[in-house]
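The values are calculated or read from the model by the stated rules, or taken from the named source; none is laboratory data. Model, not experiment: these values are computed from the prediction. No Cβ is skipped: glycine too gets one built from the backbone with ideal geometry, and neighbour counts run over all protein chains shown.
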């Protein structure tokens with residue numbers, strides 16, 4: 001059976017967290033979008049900055065995004081605290097960062113990109129239907145799709161069948177014109193542009 005290796009698979013949270021963030025956006029609108037501060041703070045800490053420096057960095061980022069000082073402080077504490085989990089000396093410059101939290105933004109963008117690609121990339125199921133196996137990687141989801149196409153039957157039932165992820169409003173609201181640019185503009189402001197494949201603010 002070609003799917004036997006999946007039984008010993010280590011869970012991958014990228015697609016499952018991406019699906020969760022898509023659900024947040026469907027329920028909460030703009031307030032459900034994943035924030036970029038976690039990714040930026042992880043990169044900053046991994047570059048050798050300690051807890052205090054990273055918290056100050058995140059504080060300034062969130063304050064520039066029209067947050068009150070209290071909101072900016074609360075955000076800075078929350079993001080930085082999570083990034084330094086496992087570090088015994090938070091004053092040290094060890095280039096340490098607990099990087100799991102980047103998965104919220106990266107997973108969200110990956111799900112959006114794959115949704116935009118649609119059925120052109122798959123032979124049997126849409127990505128949203130395949131995400132019933134969301135603790136697998138994207139490559140593994142595509143392998144399942146190929147197996148399903150070969151046997152002409154779904155592997156496992158689809159608990160998301162009636163959720164309407166692929167409704168017209170999803171495409172028009174979240175994935176046009178470019179999902180990365182759209183999300184970045186919502187999070188970082190109107191001046192965000194993608195130049196030569198790299199985001200710049």
Mind listing just one residue for me: the one in region 54-77 that is part of a helix (DSSP H, G or I) and in contact (Cβ under 8 Å) with a residue 24 or more places away in the chain and, of those, farthest from residue 40 (Cα to Cα)?
-> 75
Cβ-Cβ below 9 Å, separation at least six or inter-chain, first residue in region 87-99 and on the phi > 0 side of the Ramachandran plot and surrounded by 14 or more Cβ atoms within 10 Å (Cβ to Cβ), second in a loop (DSSP other than H, G, I, E, B) and modelled with pLDDT of 95 or more: which pairs?
-> none
Counting only residues that are at pLDDT below 50, part of a loop (DSSP other than H, G, I, E, B), touching a helix residue (DSSP H, G or I) at 6+ places or on another chain (Cβ under 7 Å) and farther than 15 Å from residue 15 by Cα, how many does region 130-175 have?
-> 2
Check on residue 54, within 29 Å of residue 156 (Cα to Cα) and under 22 Å from the mean Cα position of the chain (by Cα) | no
Mind listing whichever residues of region 25-42 are modelled with pLDDT under 85 and part of a helix (DSSP H, G or I)?
-> 25, 26, 27, 28, 29, 30, 31, 32
Would you confirm whether any residue within region 43-62 is surrounded by fewer than 21 Cβ atoms within 10 Å (Cβ to Cβ), at pLDDT 90 or above, in contact with a helix residue (DSSP H, G or I) (Cβ under 6 Å, 6 or more places away or on another chain) and closer than 20 Å to residue 17 by Cβ?
-> no
Consider residue 22 carefully, then state whether it is under 30 Å from residue 144 (Cα atoms), surrounded by 13 or more Cβ atoms within 10 Å (Cβ to Cβ) and out of contact with any strand residue (DSSP E or B) (no Cβ under 6 Å at 6 or more places or on another chain).
-> yes
